[in-house]
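Trainee: Before we start, here is the structure in question, set down as structure tokens.
Every number here is computed from the coordinates shown, using simple stated rules; none is lab data. Model, not experiment: these values are computed from the prediction. Here the Cβ positions follow ideal geometry from the backbone for every residue, glycine too, while neighbour counts run over all protein chains shown.
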Amino acid sequence: MNEIEILLVEDNARDAELTVRALKKNNLANNLYIAKDGAKALDFLLCKGEYSKRDLTNLPKVVFLDLKLPKVSGLEVLKTIKGDKRISKIPVVVVTSSSEEPDVKEAYRLGANSYVLKPLDFEKFKTAISKLGYYWLVVNYPYK
Amino acid sequence: MKNASKKSKATRLRQKAEELLKKKPSKSGLQPSETEVLKLIHEFEIHQIELEMQNEELMVAKEQTEVAAEKYAELYDFAPSGYFTLSREGKIIELNLCGSQMLGKERSQLINSRFGFFVSDDTKPIFNLFLKKLFKSKTRESCEVTLLTNGNLTEYVHVTGIVTENGEQCHVIVIDITELKYAEEELRETNEYLMNLFNHANAPIIVWDTSMFITQFNHAFEHLSGYCTEEVIGKKIDILFSKETIESSLDLIERAISGERWETVEIEIQRKDGDSRILLCNTANILEKDNKTVVATIAQGNDITERKHGEEEIQRLIAGLEQRVAERTAQLQAVNKELETFSYSVSHDLKAPLRAIDGFTGILIEEYKNKIDAEGQRICDVIKSSAVQMNRLIEDLLAFSHLNRTELHMSTIDMKTMANSIYYEYSLPEKRENISFTVRDIPGAFGDSSLIKQVWSNLILNAIKFSSKKDHPEIIIDYEAGKNEIIYSVSDNGSGFDMQYADKLFCVFQRLHDSTDFEGTGIGLAIVNRIISRHGGRVWAAGEPDKGAIFYFSLPKHKKRKIK
């Protein structure tokens, strides 16, 4: 398994597919892993359960996090990531269709690095996602 | 005159003495010797001088006696009390000047008159009895009678008598007590007045002494307590209290006795029949002459039982109401919470499939361009635009449900400027050339400025939209001042509406026009309605197909603005 660059936490397969497609167009989806719920995302990052063989120091460059997730919600995932010194430096981008104020407020309070609304229009969606991928994988300089 | 009588008296005495001497037998026939004679003469001379001296003394004593008698007579006559000497039958034997003045006649005319003659009829029996008892008991007796004097003036007198040594007469001292009687009468009247006041006062009044014994109890208190005065006078005040309250009540009473003044003390009285009444009392202490020592306490109460019950009832009602408000608030909060969850789900779950529809249709168009003909392409566009339309509906619905949850941030709003800027913000310059837009001198308002802005935008945009097919669109913004509200209006000369559907205008997703004629989700006026009702105002509209429409909304006049 190559080094994972993007952890996409998304329970909706259609959204996941659209995201992957948008990234692929720009050749940004080679090292992407999709976690289908919050619990899996945390297991992956903390190398627990089925991911126990992963190397904890091998951190993804960015986490694209949906908020509405089964089992453990997106905000709880965010809280755990930002509260755990081992993984708190991973940039977390909330990618959601919720523009509800409490969500936005809470996400930033918990330390989200960015908050992006999923556009409905496919063209805009593609543009947004590819820009995000490009920015976090190429432009952004991470803290290791 | 006195000296002359003195002389004649002395002469008479001499004669008497000579006669007595003649009758006396001579002691001896012996002729006294010359020496003896001389001695005798000497003796006589001394004797004579002695006698003269004695006589002189007697005369002085007599004079003194006369002076004393005169003094006595003066005292007797001018004493302020009447002195009478009466016979057994009550006849006046002697009396002094004051006595005659009391009876209103000359002293001489009164001698031998009956004293009883001057006593008024109603007190005559008293006097007769007095006289009878006086002569019978031979001790000091007294009575009070009324004298009728000249001019029928009545005189109250106090009569004290004592029988003389021979038992046939009595000395009577009569003292005028008219003034005293009148003072007494006045006191009695005052007392009676006060007692009437006390007894017939509307307020229950009670008096207790320092040992907590009830000494006075008025009618109102009888009525309040169910006890009659006779039952409680002389009883301990305890009988007025129930077992539950006696301790605290007695404590209050004790404090009153020790000098504390009650202003408004609530005290519970247990009636004879067991019921209880609540009195709001104030007290005053009756003090000794030293102005310190409490003799008794007078308490006046006001029966506030009904009021108290009323207050309790109000308290109970308020508590009930508060409970209901709390329940209702909790319900509302639960509903709000549900709504929040609902809109959250809507924004997430409803949008995801839409995005998939749009996205995958997009992919279809993009990646399978060559395999789809023109009709297929058109169908794909319909699918995509439907998805966009549905997304707008969802957004509007979310915005609408937000209106109920966001707090109002009230401030003063310059309505005229707001309406103007919205018009310029939302209309294109080339369109404006054709539109006649007038904002009259509308007054400012007090409200949430971002929400009121939504109201103006919806109404102005509607006016622009529905008059856009006219050759000369005309929009007028005006106002009317009501008693407690200001009514704003937006009128246009556009497509109007049929008044029979007027009530549907402000409902969510209700449209009176085909969306192909005028596009929109049908939520704008529902939002206007919701915003205005949250501000305490009303919305309504009038219109006629193809003639135009006028939309009104009112906002309550605000005190703050008035002060300004």
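Trainee: At a Cα cut-off below 29 Å, give the lysines reachable from B:Lys292, other chains included and same-chain residues fewer than 8 away excluded.
Mentor: B:Lys235, B:Lys236
Trainee: Modelled label-to-label distance, B:Arg432 and B:Lys235, 7 Å Cα→beta-carbon offset: nm?
Mentor: Calculated label separation equals 9.4 nm.
Trainee: Could you list B:Cys507, B:Cys98 in order of exposure, starting from the residue whose Cβ has the fewest other Cβ atoms within 10 Å?
Mentor: Numbers: B:Cys507 13, B:Cys98 20.
Neighbour counts put them in this order, fewest first: B:Cys507, B:Cys98.
Trainee: Still on this structure, please answer the following. What does the charge dipole of the protein assembly as shown about its Cα centre add up to, to the nearest 20 debye, if the Cβ of each Lys and Arg holds +1 and the Cβ of each Asp and Glu holds -1? Spell out each step's value before the answer.
Mentor: Values: 96 positive and 106 negative charges, 447 e Å.
Roughly 2140 debye, rounded to the nearest 20.
Trainee: Hey, another quick one. Treating cross-link reach as a plain straight distance, find the lysines whose alpha-carbon is under 30 Å from the alpha-carbon of B:Lys62, omitting any fewer than eight places away in the same chain.
Mentor: B:Lys62 reaches B:Lys2, B:Lys6, B:Lys7, B:Lys9, B:Lys16, B:Lys71.
Trainee: Give me the net charge of B:Ile372's neighbourhood, meaning all other residues with Cβ under 15 Å from the Cβ of B:Ile372; Lys, Arg count +1, Asp, Glu -1.
Mentor: Details: positive: B:Lys369, B:Lys371, B:Arg378, B:Lys384; negative: B:Glu366, B:Glu367, B:Asp373, B:Glu375, B:Asp381.
Once all neighbours under 15 Å are counted, the net charge is -1.
Trainee: Quick check on chain A: helices-only [θ] at 222 nm, where DSSP H runs of length 4 and up contribute -39,500 (n - 2.57) each and the sum goes over total residues. Nearest 500, please. Spell out each step's value before the answer.
Mentor: Numbers: 5 runs with 55 residues, N = 144.
The helix contribution divided over chain A gives -11500 deg cm²/dmol.
Trainee: Now for a separate question. Go ahead and estimate [θ] at 222 nm for chain B from helices alone: -39,500 (n - 2.57) per DSSP H run with n ≥ 4, summed, over the residue count, rounded to 500.
Mentor: On the way: 17 runs with 279 residues, N = 564.
After summing the helix terms and dividing by the residues of chain B, the value is -16500 deg cm²/dmol.
Trainee: Given R₀ = 35 Å, FRET efficiency for B:Glu106-B:Leu187 by Cβ-Cβ distance, to 0.05? Please list the in-between numbers first.
Mentor: On the way: r = 37 Å, r/R0 = 1.05.
The calculated FRET efficiency here is 0.45.
Trainee: Here's another thing I want to ask about it. For B:Thr341, project a label point 7 Å along Cα to C-beta. Then give me every residue of the range A:59-93 with its amide nitrogen under 20 Å of that point.
Mentor: Under 20 Å, as judged by backbone N against the label point of B:Thr341, lie A:67-77 of the range A:59-93.
Trainee: Would you list, by chain and number, the lysines whose Cα falls below 30 Å from the Cα of B:Lys132, excluding same-chain residues fewer than 8 positions away?
Mentor: B:Lys91, B:Lys105, B:Lys124, B:Lys181
Trainee: So, one more: How far is helix B:124-137 tilted off the main Cα axis of chain B, in degrees rounded to 10, range 0 to 90?
Mentor: 50
Trainee: Where in the range A:18-123 are there trypsin sites (Lys or Arg not before Pro) that are in a DSSP coil and have at most 16 other Cβ atoms within 10 angstrom of their Cβ? Could the numbers behind the result be given before it?
Mentor: Details: sites: A:Arg21, A:Lys24, A:Lys25, A:Lys36, A:Lys40, A:Lys48, A:Lys53, A:Arg54, A:Lys61, A:Lys68, A:Lys71, A:Lys79, A:Lys82, A:Lys85, A:Arg86, A:Lys89, A:Lys105, A:Arg109; in loops: A:Lys36, A:Lys48, A:Lys53, A:Arg54, A:Lys61, A:Lys68, A:Lys71, A:Lys85, A:Arg86, A:Lys89.
Answer in residue order: A:Lys48, A:Lys53, A:Arg54, A:Lys71, A:Lys85, A:Arg86, A:Lys89.
Trainee: 7 Å from Cα along Cα→Cβ at both B:Ser386 and B:Ser211: what's the point-to-point distance in nm?
Mentor: Computed distance between label sites B:Ser386 and B:Ser211 equals 10.6 nm.
Trainee: Calculate the mean, over all residues of peptide A:114-120, of how many other protein chain Cβ atoms lie within 10 angstrom of the residue's Cβ.
Mentor: Working: counts 0, 0, 0, 2, 5, 4, 15.
Averaged over the peptide's residues, the number is 4.
Trainee: When Lys and Arg each count +1 and Asp and Glu each count -1, what net charge do the other residues less than 15 Å away from B:Ile422, Cβ to Cβ, add up to? Walk me through the intermediate numbers first.
Mentor: On the way: positive: B:Lys416, B:Lys431, B:Arg432, B:Lys453, B:Lys465; negative: B:Asp414, B:Glu425, B:Asp492.
Combined, the nearby Lys, Arg, Asp and Glu give +2.
Trainee: Using the count of nearby Cβ atoms within 10 Å as a rough guide to exposure, how do B:Met212, B:Met415, B:Met499 rank from fewest to most? Before the final figure, lay out each step's value.
Mentor: Details: B:Met212 16, B:Met415 21, B:Met499 13.
Starting with the residue having the fewest Cβ neighbours, the order is B:Met499, B:Met212, B:Met415.
Trainee: Of all GluC sites (Glu not before Pro) in the range B:72-116, which ones are in loop regions per DSSP and have a Cβ with at most 10 other Cβ atoms within 10 Å?
Mentor: Values: sites: B:Glu74, B:Glu89, B:Glu94, B:Glu106; in loops: B:Glu89, B:Glu106.
Listed in order of number, the matching sites are B:Glu89, B:Glu106.
Trainee: Let me ask something else. Picking from A:Ala39, A:Pro70, A:Ala22, whose Cα lies most toward the positive end of the charge dipole for the range A:14-90 (charges on Cβ: Lys, Arg +1; Asp, Glu -1)?
Mentor: Highest projection toward the positive end goes to A:Ala22.
Trainee: What spacing in nm lies between the two simple spin-label points modelled at A:Arg109 and B:Arg378, each 7 Å away from Cα in the Cβ direction?
Mentor: 5.3
Trainee: Sum up the charges of everything whose Cβ sits under 15 Å from the Cβ of B:Arg307, counting Lys and Arg as +1 and Asp and Glu as -1, but leave B:Arg307 out. Walk me through the numbers before you get to the answer.
Mentor: Working: positive: B:Arg277, B:Lys308, B:Arg316; negative: B:Glu266, B:Glu268, B:Asp303, B:Glu306, B:Glu311, B:Glu312, B:Glu313.
Within the 15 Å Cβ shell, the charges total -4.
Trainee: Could you list, in their original order, any pairs among A:Lys124/B:Lys371; A:Lys124/B:Lys351; A:Lys71/A:Lys131; A:Lys82/A:Lys105 whose Cα atoms are separated by more than 19 Å? Intermediate results must be reported in sequence, preceding the final value.
Mentor: Numbers: A:Lys124/B:Lys371 24 Å; A:Lys124/B:Lys351 15 Å; A:Lys71/A:Lys131 30 Å; A:Lys82/A:Lys105 15 Å.
Beyond 19 Å between Cα atoms: A:Lys124/B:Lys371; A:Lys71/A:Lys131.
Trainee: For the range B:353-465, build the charge dipole from Cβ charges (+1 Lys, Arg; -1 Asp, Glu) around the Cα centre, then report which of B:Ile357, B:Tyr426, B:Val382 sits farthest towards its positive end.
Mentor: B:Tyr426
Trainee: Provide the FRET efficiency to the nearest 0.05 for the B:Asp498-B:Glu474 pair, computing r from the beta carbons and using R0 = 25 Å. Present the calculation step by step, with values, prior to reporting the outcome.
Mentor: Values: r = 21 Å, r/R0 = 0.83.
With R0 = 25 Å, the Cβ-Cβ based efficiency is 0.75.
Trainee: Follow-up question, since we're still on this one. Pairing the Cα long axis of helix B:449-467 with the longest principal axis of chain B, what angle in degrees results, from 0 to 90 and rounded to the nearest 10?
Mentor: For B:449-467 against chain B, the angle is about 40 degrees.
Trainee: Right, next: May I ask for the angle, rounded to the nearest 10°, between helix B:246-257 and the longest principal axis of chain B, with both axes built from Cα atoms and the value confined to 0 to 90°?
Mentor: 50
Trainee: Output the relative contact order of the range B:144-287, whole-number percent, from Cα pairs under 8 angstrom with separation of 6+ residues. Don't skip to the answer; put the middle values down first.
Mentor: Working: 191 pairs, mean separation 17.7, N = 144.
Relative CO of the range B:144-287 lands at 12 percent.
Trainee: To make sure I understand, if each residue's beta carbon is the centre and we count other beta carbons within 10 Å, what order do B:Thr35, B:Thr164, A:Thr96, B:Thr123 fall in, fewest to most?
Mentor: On the way: B:Thr35 8, B:Thr164 13, A:Thr96 23, B:Thr123 20.
Final ranking by Cβ density, sparse to dense: B:Thr35, B:Thr164, B:Thr123, A:Thr96.
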